[in-house]
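The numbers here are math on the coordinates, done by the rules we state, and not lab data. Being a predicted model, the structure only gives us computed values, none of them experimental. Heads up, the Cβs are rebuilt from the backbone with ideal geometry, glycines too, and the neighbour counts pull from every protein chain shown.
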Amino acid sequence: MGRGKIEIKRIENPTNRQVTFSKRRAGIIKKARELSVLCDAQVSLIMFSATEKLSEYISPTVTTKKVFDRYQQTARINLWSTHYERMQENLNKQKEINRRLRKEIRQRMGEDLNELSIDVLRGLEQNMEHSLNIVRERKLKVIRTQSATYRKKVTHLEQVHNNLMRELAQEGRNEDPHYVFANHNGDYQSALELANNGGSHIFALRLQPSQPILPEGGYGSHDLRLA
């Protein structure tokens with residue numbers, strides 16, 4: 001008993017439609033492969049499902065581009081003319097945008113201003129003032145950030161310097177002959193008393209700045225003076 005004929009019309013049930021597509025797609029690809037092998041034919045098969053999924057088959061002896069080129073030559077049509085026209089139109093638009101941008105850059109640099117009206121010049125001036133304000137704000141922000149970083153570094157160096165001076169003073173009390181170092185802010189008097197009371201082999205050396213201290217905690221070079 002043979003199968004009944006199926007009426008050729010759109011299958012309304014989505015599941016049945018997808019199942020039928022999958023089965024018949026496999027059958028068509030199989031027939032295309034057989035045709036290519038048995039008859040030495042150049043076959044190119046392209047299919048898109050309702051869900052935009054691509055399925056294709058191309059004979060091993062040819063490429064899709066060669067098939068399209070051969071089709072154009074045989075049918076005497078140009079498949080790429082419309083696409084080329086769209087690309088050419090897009091290229092012209094990009095060239096026009098590039099021309100306007102270059103002109104705007106030249107005007108911002110003070111060039112090509114002869115043909116501009118007073119209103120356009122006023123608008124250009126306002127735009128440049130606005131841009132200048134933005135640049136100045138950014139510059140001040142960078143300066144404040146760098147200044148804060150430098151102040152932290154100077155504070156850290158001051159702490160390291162003070163710690164080293166205290167260590168040197170302590171070592172001077174424990175070794176013979178004694179060389180006691182004191183900075184200009186606090187330890188010189190005690191170091192001098194230690195030198196006077198500790199004998200002739202103890203010397204108190206004072207670190208004094210040879211130039212004024214720089215703003216925000218900066219340092220100048222120091223002298224060693226014998227007490």
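Each residue of region 45-60 was assigned a 3J(HN,Hα) from its phi angle through the Karplus curve 6.51 cos²θ - 1.76 cosθ + 1.60 (θ = phi - 60°); the sequence is 10, 10, 9, 10, 6, 5, 9, 6, 8, 8, 10, 8, 9, 9, 4, x Hz, with glycine and proline shown as x.
State the extension gain, in nm to one decimal, for the chain segment bounded by H130 and E115, taking 0.36 nm per residue of separation less the distance between their alpha-carbons. Mind showing how you got there, number by number?
Details: separation 15, 0.36 × 15 = 5.40 nm, distance 2.30 nm.
My answer for the length gained is 3.1 nm.
What the Cβ-Cβ distance of K53 and I97 gives, at R0 = 30 Å and to the nearest 0.05, is a FRET efficiency of 0.20. For L45, the residues whose amide H sits under 5 Å from its own are Y57, I58, ignoring neighbours fewer than 5 places away on the same chain, with H placed 1.01 Å from N.
Could you list, in their original order, any pairs among K95/K141; K93/K141; K65/K103; K5/K66; K23/K66 whose Cα atoms are separated by more than 32 Å? Present the calculation step by step, with values, prior to reporting the outcome.
On the way: K95/K141 38 Å; K93/K141 39 Å; K65/K103 42 Å; K5/K66 39 Å; K23/K66 29 Å.
Listed pairs above 32 Å: K95/K141; K93/K141; K65/K103; K5/K66.
Let me know the shape class of region 14-78, please: from the alpha-carbon gyration tensor, a ≥ b ≥ c as square roots of the eigenvalues, rounded when a/c is under 1.5, otherwise prolate if a/b is greater than b/c, or oblate. Cα axes put region 14-78 in the oblate bin. For region 118-135, the Karplus equation 6.51 cos²θ - 1.76 cosθ + 1.60, evaluated at θ = phi - 60°, returns couplings of 5, 5, 5, 5, 5, x, 5, 5, 5, 5, 5, 5, 4, 5, 5, 5, 5, 5 Hz by residue, with Gly and Pro reported as x.
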